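We did not get these values from a lab; they are worked out from the coordinates using the rules stated. Treat the numbers as computed from the prediction; the structure is a model and nothing was measured. No Cβ is skipped: glycine too gets one built from the backbone with ideal geometry, and neighbour counts run over all protein chains shown.
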Amino acid sequence: MIVSRTAQQSALALSLMVACTGTAHAASAERAAAGALKDGTAVEAITLRNANGVVARILSYGATLQSLVAPDRKGQPADIVLGHQTPADQEARRTFFGATIGRVANRIAGARFTLDGVAYSIDKNDGPNALHGGGQGFDRANWSVARLVSGPVASVVLTHHSPDGDMGYPGNLDVTVTYSLDEQGNLGIVFEATTDRTTVVNMTNHALFNLAGDGAPQGAMLQRLTIPAARYTPVDETLIPTGELRSVNGSVFDFRKGRVLAAGARDATDAQIVIGHGYDHNFVLDKGQTATPELAARLEDPASGRVLEVLSTEPGLQLYTGNFLDGTVIGKGGHLYRMGDGIALEPQKFPDTPNRPALGSVRVVPGKPYRHAMIYRLSVSKR
């Protein structure tokens, strides 16, 4: 697939946005074989590396962030995202770890929606609902590696074609994901899509983070999270938003001044925590939809000093505390993943938006491409 001029321009724009002016170093992008899927399809790995010890490994399968290495306050590196050891493992056990999610992230009630008066039934893969695009979403596709760049900002562009009717969605969709890493520790991700027919699109990345390091025995629940959101969307028993935009005041959903995750994720006095088996909820970011990425979340591990800031153009953020990790998933390095071993911070438009116009729109039309830009910004706290 030929990379569109729009994709090239977006890669350049993101590079300029996260680049360190006058940097004396150059980040690198390297490409290598990463194994094969069950049918023999070859998977590639792209490694983006900067001079300050940040290393991102991206797989073509699922356009997946398989690994993200970052130093702690003593300079010691650790991989801070959960993941599978090989593409074959990822294919065999669908967990969404680090994958690109689409066409529509999160849940769509009843696996159906109406668009311009036409009813669509899409792939049902989460009880009565559709989740993360359906049974064969973007996380199950082996993307094409279209372009690599080394320099002040290293980047890779991956492309995928989703045909009309794919998982029940209308329109031929050409999708591009661009990962960029600069010398300051900013890992940028830009999602873009064009269609030949009115459709719905809502993409994100599904990395699960543990700033103490993948497989750290204490898990991620003692880390401190801040979300600038005065409201969230409560859910029903199938994790579909009820339509209410509820205030976080006085609840375990108030992360505006920072909160240790364990303090709320185990609080059975809140009915929403019981329904979600922890946090599995969308927050209504105070910033709303923005032209350039703004702060959506800040996660800090006091023990290591690692800090992750998530910035995005999108109005919502899904917080998921790994509630369905039950000790049966074996990840990188032979680590057995359990509940709370990682948390997802997924910028996106709100869940079930195709069925709830009051929550916004994920409608995409010909001639007006979809675009979501986000950044994982890494730093270290010295205290």
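Calculate, for Lys38 and Ser121, the FRET efficiency according to 1/(1 + (r/R0)^6) with r their C-beta to C-beta distance and R0 35 Å; round to the nearest 0.05. Show your work: numbers first, answer last.
On the way: r = 28 Å, r/R0 = 0.80.
Working from the Cβ atoms, E equals 0.80.
Which chymotrypsin sites (Phe, Trp or Tyr not before Pro) in region 164-252 sit in a loop by DSSP (not H, G, I, E or B) and have at most 13 other Cβ atoms within 10 Å of their own Cβ? If you can, show how the numbers build up before the last one.
Numbers: sites: Tyr179, Phe191, Phe209, Tyr232; in loops: none.
Loop-located and lightly packed - none at all.
How long are the semi-axes of the equivalent ellipsoid of the chain, taking √(5λ) for every eigenvalue λ of the Cα gyration tensor, in whole Å from largest down?
Working through the eigenvalues yields semi-axes of 28, 26, 20 Å.
Taking the Cα of Gln76, stepping 7 Å toward and past its beta carbon, and measuring to each backbone N in region 355-383: which are under 12 Å?
From region 355-383, the list is empty.
Who wins for biggest fluctuation among Ala111, Ala263, Ala220 in a Gaussian network model of the chain, springs between alpha carbons below 10 Å?
Comparing Ala111, Ala263, Ala220 in a Gaussian network model of the chain, the most mobile one is Ala263.
Net charge around Gln90, counting only other residues with Cβ within less than 15 Å of its Cβ (Lys, Arg = +1; Asp, Glu = -1)?
Numbers: positive: Lys38, Arg57, Arg93, Arg94, Arg140, Lys332; negative: Asp39, Glu44, Asp89, Glu91, Asp139, Asp214.
Value of the local net charge: 0.
Once you place label points 7 Å from the Cα toward the Cβ at Ser251 and Asp270, how far apart are they in nm?
0.8
At R0 = 30 Å, how high is the FRET efficiency between Asn52 and Arg147 if r is their beta carbon distance? Nearest 0.05 is fine. If you can, show how the numbers build up before the last one.
Values: r = 24 Å, r/R0 = 0.80.
Using R0 = 30 Å, I get an efficiency of 0.80.
In whole Hz, with x marking every Gly and Pro, tabulate ³J(HN,Hα) for region 111-124 from phi via Karplus 6.51 cos²θ - 1.76 cosθ + 1.60, θ = phi - 60°.
Coupling constants for region 111-124: 6, 7, 7, 10, 9, 6, x, 9, 8, 10, 9, 10, 5, 8 Hz.
Say the cut-off is 27 Å between C-alpha atoms; which of Lys257/Lys287; Lys124/Lys332; Lys38/Lys124 go over it?
Violating the 27 Å limit, Cα to Cα: Lys124/Lys332.
If I model a spin label as a point 7 Å beyond the Cα along the Cα-Cβ vector, how far apart are those points for Leu222 and Ser379 in nm?
Result: 2.4 nm between the two label points.
For q = 0.18, 0.22, 0.23 Å⁻¹, what log10 I(q)/I(0) does region 222-306 give under the Debye formula with an equal point scatterer on each alpha carbon and no solvent?
Log10 I(q)/I(0), no solvent term: -0.81, -1.11, -1.18.
Using amide H atoms built in the peptide plane, which far-off residues or other-chain residues are under 5 Å from Tyr279 H to H?
It is Thr321, by chain and number.
Relative contact order of the chain, please, whole-number percent, based on alpha carbon pairs below 8 angstrom and at least 6 residues apart.
Relative CO of the chain lands at 18 percent.
List, in order, the whole-Hz ³J(HN,Hα) value for each residue of region 273-289 obtained from phi through the Karplus relation with A = 6.51, B = -1.76, C = 1.60 and θ = phi - 60°; use x for Gly and Pro.
5, 5, 4, x, 6, x, 7, 8, 9, 9, 9, 8, 5, 4, 6, x, 6
Quick one: Karplus J couplings for region 242-248, per residue in order, coefficients 6.51, -1.76, 1.60, θ = phi - 60°, nearest Hz, x for Gly and Pro?
Karplus-based 3J(HN,Hα) across region 242-248 equals 6, x, 6, 9, 9, 5, 7 Hz.
Amide H neighbours of Asn129 under 5 Å, at least 5 residues apart or on other chains, H built in the peptide plane: list them.
Residues meeting the amide H criterion: Gly110.
Straight-line reach from Lys368: which lysines fall under 20 Å, measuring Cα to Cα and dropping same-chain residues less than 8 apart?
Partners within reach: Lys349.
What distance in nm separates the simple spin-label points at Gln136 and Asp286, each placed 7 Å from Cα in the Cβ direction?
4.5
Highest GNM mean-square fluctuation, the chain, Cα pairs closer than 10 Å: which of Ala344, Ala207, Ala42?
It is Ala42.
Ignoring everything except DSSP H segments at least 4 long, calculate the 222 nm mean residue ellipticity for the chain; use -39,500 (n - 2.57) per segment, divide by total residues, nearest 500. Write down the numbers at each step before the final one.
Values: 4 runs with 31 residues, N = 383.
Roughly -2000 deg cm²/dmol at 222 nm, from the helical runs in the chain.
Going by amide H atoms built from the backbone, whose H comes under 5 Å of the H on Arg231, apart from near neighbours?
The answer is Val248, Val284.
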